[in-house]
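One structure, as structure tokens, below. Some questions next.
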Amino acid sequence: MSTQTKITYRMLERISHIHRKIRSGCYPNTKQLAFELESGIATISRDLDYMRDRMFAPIEYDFTHKGYYYTKAFEPSMQNYLSEKDLRVLLSAKVLLSHYKNTPIYDEACSVLDLLSTSAMNGKNTALLNRIAVAPTVETAVNQEIWSTIQDALNKSHILQFDYTDRWGKQTEQRRLRPYQLVLDDGVCYLFGFDELRNAERIFSLVRMRNVIVTENVFELPEDYEFERHCKDGNFGAVFHQKSEHYKIEFYRETRHLVKEKVWANSQVITESKDKTIIEFDSTQFLKIKAWVLSNGCNAKPIAPAWLVKEWKRHAVEMAKMAEETK
């Protein structure tokens, strides 16, 4: 009998997969499971022993089908491993994951959470799950095949080739990218890496990628590959520019209170006057900052940088024209 008492996250992933395969009735064997999980046959055998000995799984080997099956209905119980607090955290995490329910990461993460929590839930925990909600947001569906192809390239450090359409849908170019990281931002998935066409680091939305191919070309992942280092103090999501700029924005009326509720940048300085609140900070995330200013309408006025002031004025003029046309 196995004497192991501590179960690791990687082990949970394997057990979750093994359980799903056996429950489906497809009679998986150790060789097949090892291939699917990128593990050794000995590791899979230990997992099966653990499931039998510690989780009391009714697993038997069928010599006719050459694979494993359950002799009766079975759902793993994790009651011996989870405290009441652990369950509350897991249930809350599953609700928060709904931001990414149209991405492959949602199914993968939820399968592990379900293995941990479903069989150990009681009425109180189930009620708690119904008391946590995520506000509806615009959903972005990610192509499962593209996601899997990207993960394959990330695992092997191979260069990707794909066709990419710009945000305005006007131009499509073939790109070659050294993929560094998948970046998740408010339900949208991006791929960050070194763009060989632009000879610079860039970020790409997965929904605008087509004909994604993993090439045979291998690249060396740099030590400072993390996307976060490009945000340069700003907290505006998955956008960046190579150059950091200084921003100064005035806010009026009811927006004054709202903008002080969040930290937009670690370097931000807030100044108050009688009729306005001024926020100053440095950031590379120009597109999201522009959208932020424009979304506040007449309650926000940019002072710097000059390009943002110009864009703000252009939008104001265009909106004024549209307002006149509706009279």
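On full extension of the chain, what length is gained from Ser24 through Arg46, given 0.36 nm per residue of separation minus the C-alpha to C-alpha distance?
Fully extending the segment from Ser24 to Arg46 adds 5.8 nm.
Still on this structure, I have one more. Extension gain Lys310-Ser295, at 0.36 nm per residue separation less the Cα-Cα distance, in nm?
Gain on stretching Lys310 to Ser295: 3.8 nm.
OK, next. In nm, give the distance between the simple-model label positions of Glu325 and Val263, each being 7 Å from the Cα along the Cα-to-Cβ direction.
Each label point is offset 7 Å from its Cα along the Cβ direction, giving 4.4 nm.
Given a Förster distance of 41 angstrom, what is the FRET efficiency for Glu38 paired with Leu287, based on the Cβ-Cβ distance and rounded to 0.05?
0.65
Sort 141-150, 244-253 for me by packing, meaning the mean count of neighbouring Cβ atoms within 10 Å per residue, highest on top.
244-253, 141-150
Could you sort the peptides 163-173, 296-306 by per-residue average Cβ neighbour count (10 Å cutoff), highest mean leading?
In decreasing order of mean packing, 163-173, 296-306 become 296-306, 163-173.
Only the coordinates and a few stated rules stand behind these numbers; no lab work does. None of these values were measured; they are calculated from a predicted model. As a convention, Cβ positions derive from the backbone with ideal geometry for all residues, glycine included, and neighbour counts pool all protein chains shown.
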